[in-house]
Structure formats: C-alpha cells, structure tokens
Amino acid sequence: MSRFRSVLFLPADNGRAVEKARGLDCDLAVLDLEDAVAPERKVEARAAAVAALRTHPFAVRINGLDTPWGADDLTALAATGVGLVIAPKVESAAGIIALAERLPEAARLWAMIETPRALRALNAVAAAGGPLRGLMLGVNDLAKALGTGPSPDREPLKPWLAATVATARAHGLKAIDGVFNRFQDAEGFAAEAAQARLYGFDGKSLIHPSQIAPCNAAFAPTETQVAFARAVVAAFAAPEAADKGAIRVEGEMVERLHLETAVALLASL
C-alpha cells in the first residue's frame, strides 16, 4: 500500500527545486501550478510540469476549473500519464464530477478542503466516488476564510481536523493534513506533525525539504509500538488464546480489534 506521510509541494516553474525533488525522501512530490505560481508565470509553469512528468512520477496541483488556467492545465496533462492530480478549493460533489470528466486517463484525484462551503459539503464531496482517493486540508485558506485567530495548537481548526479524518475514513480515502508555514521552526513543526498523527491523518503537506525527515518520523510507529504489536500478534497466536476474544498482554487487556491494528502496523513497516 502506498504511503503518503510526507507530501512536498514545490513551484512547477522552479527548475532547481524540481530537479532536487527527484532525489528527496518524501513519499510524494507535487508540482504546484496554483498558489506557488504567479499569474504571469502560469503558462510557463504548466509547460515545465509537463516536461518534468516525462521523467519522474510527480503529482500535480492544478488551478481550479473556475480560473482562467484550470481547464488548460488538465488538457496539457492529458498525455503525460500523471498518476495523481490535486484539485484546490473543491466545494461540492458536482465539482468532483466536473473534474472527473476532464482528468487524464487513469489519473487519481485528491480534493483540497479549503473553504467553509467545503466543510458544509464534506460528506457529499467524499461520497462523490469516481477517481477521488483523498482529502487534503488546506489550512491556510481555511483559516483565512473562517477568520480564525492565531493559535499554536490550531485550536479553532480542531473540529475540522477531526471531521476531515472521519469523513475520509468513512469513504475509504486518504486524509492529508495541511502545511506548517514556519519551516525554520523545527520544534513547532514536530508538534504539529505529532498532532496530525494523533488525529489520524495519513500524512502532512510540506513546503520545505527540511520538513521531510521529521514528518516521516512523526508518521512512523515507534520502537515501543512495534514491539507491543509483535507481542499482541504472538499472544493471540498462542494455542491458549484460540477461543478468546480478549487477553492480557504486558499488563493491558487487548481484544481482537487490537490484533487487527497490530497486524496492520507490522504490515506497514
């Protein structure tokens, strides 16, 4: 199963960054045609993304279909074999359907949740099906639209962090947390990545290569967790546990559901 712990965004028109991204340890590198590219550079960035996709499996964030560039972005990507397209500011199931009709063949879609309207339509968006495979929270645009104040632990956004994960899980989708802007604040990033993992996100959006290693670490199981998972599997494999639904492991009562979790954790290593 593909992992998306670290999802690094980089401007598609920054040739040096694109070239460097080929060798980075992020799970996914995304060529950005939207927020990271100025209007007068959109066409150039699109051409650069098409060229880069010939030699590396980047994902691409397009411009919205309600902008002057979105439809042309998808037309240009049609012959590239791009595997994943990220769409900004999706607000309805109809928006997913419109994108699906224009996506390159075999491409999958992640929808960015960035507006109050998107929050109110979260379940409908996630249930749209088709090529949709993930929800990505756009925390900067969302905080601006909601008018929230600054908070080191994202207090005003916590309901929407939880709602995004729950909705993604209900529909079998990936859930990706938003970016942490202060890329020189290693301690702050580590805290926010740990929060994202605590809430159940599969990974986090990144804006700088220095965030990759701590992000991968935040979304990896600890040695203690791995050891406990192995102990749970071994305990339930014992003959005396064959007919039991709950047993004691290292001072804790664990059930068959914990066995499933342990097996999944070990399979992810």
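The values are calculated or read from the model by the stated rules, or taken from the named source; none is laboratory data. Just so you know, these numbers come straight off a predicted model, no measurement behind them. Using ideal geometry, Cβ is built from the backbone for each residue, glycine included, and neighbour counts are taken over all protein chains shown. Side chains included, ligands, DNA and RNA excluded: accessible areas come from the protein's heavy atoms. Shrake-Rupley method; radii C 1.70, N 1.55, O 1.52, S 1.80 Å.
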Q: Using DSSP, restrict attention to beta bridges with both residues in the chain and report what percent are antiparallel, rounded to the nearest 5.
A: 15 percent
Q | Angle between the chain longest axis and helix 256-267 axis [Cα atoms, degrees, rounded to 10] | A | 50 degrees
Q | Average Cα contact separation per residue, the chain, under 8 Å, 6 or more apart, as relative contact order % | A | 15 percent
Q. Bin by bin, in steps of 10 Å, what percent of the Cα pairs in the chain do you find, going until the bin that has the longest distance?
A. 7, 27, 32, 21, 9, 4, 0
Q: Give the ranking of Arg230, Arg108, Arg5 by solvent-accessible surface, highest area first, calculated with a 1.4 Å probe.
A: Arg230, Arg108, Arg5
Q: Past 20 Å, Cα to Cα, is the threshold; run Lys158/Lys204; Lys42/Lys174; Lys89/Lys144; Lys174/Lys204; Lys20/Lys174 against it and keep the listed order.
A: Lys42/Lys174; Lys20/Lys174
Q.
At 1.4 Å probe size, what's the solvent-accessible area of His258? Round to the nearest 10 Å².
A. 70 Å²
Q.
Let's see if you can work this out: charge +1 on each Lys and Arg Cβ, -1 on each Asp and Glu Cβ, no other charges. What is the dipole magnitude of the chain about its Cα centre, in debye to the nearest 20?
A. 240 debye
Q) Where does each of 96-102, 223-229 land if you order them by average Cβ count within 10 Å, highest first? A) 96-102, 223-229
Q. How far, in degrees from 0 to 90, does helix 42-53 lean away from the longest principal axis of the Cα atoms of the chain, to the nearest 10?
A. 50 degrees
Q: Provide the per residue accessible area, probe 1.4 Å, for the chain, rounded to a whole number of square angstrom.
A: 50 Å²
Q. How big is the charge dipole of the range 1-141 about its Cα centre, in debye rounded to the nearest 20, if each Lys and Arg gets +1 on its Cβ and each Asp and Glu gets -1 on its Cβ?
A. 360 debye
Q. Suppose every K and R has +1 on its Cβ and every D and E has -1 on its Cβ; what is the size of the dipole of the range 33-83 about the Cα centre, in Debye to the nearest 20?
A. 220 debye
Q.
Please list, short to long, the whole-number percent of alpha-carbon pairs of the range 145-224 in consecutive 10 angstrom bins beginning at zero.
A. 18, 48, 31, 3, 0
Q.
Nearest 10 degrees is fine. How inclined is helix 93-102 to the longest principal axis of the chain, computing both from alpha carbons?
A. 60 degrees
Q. To the nearest 10 square angstrom, how much accessible area does Thr261 have with a 1.4 angstrom probe?
A. 90 Å²
Q: Measure off, as a whole percent, the carbon and sulfur share of the 1.4 Å-probe accessible area of the range 89-202, all protein chains present.
A: 54 percent
Q) Most mobile of Ala170, Ala124, Ala59 per a Gaussian network model of the chain (Cα springs, under 10 Å)? A) Ala170
Q) Picking from Phe180, Phe58, Phe236, which is most flexible by a Gaussian network model of the chain using Cα springs under 10 Å? A) Phe236
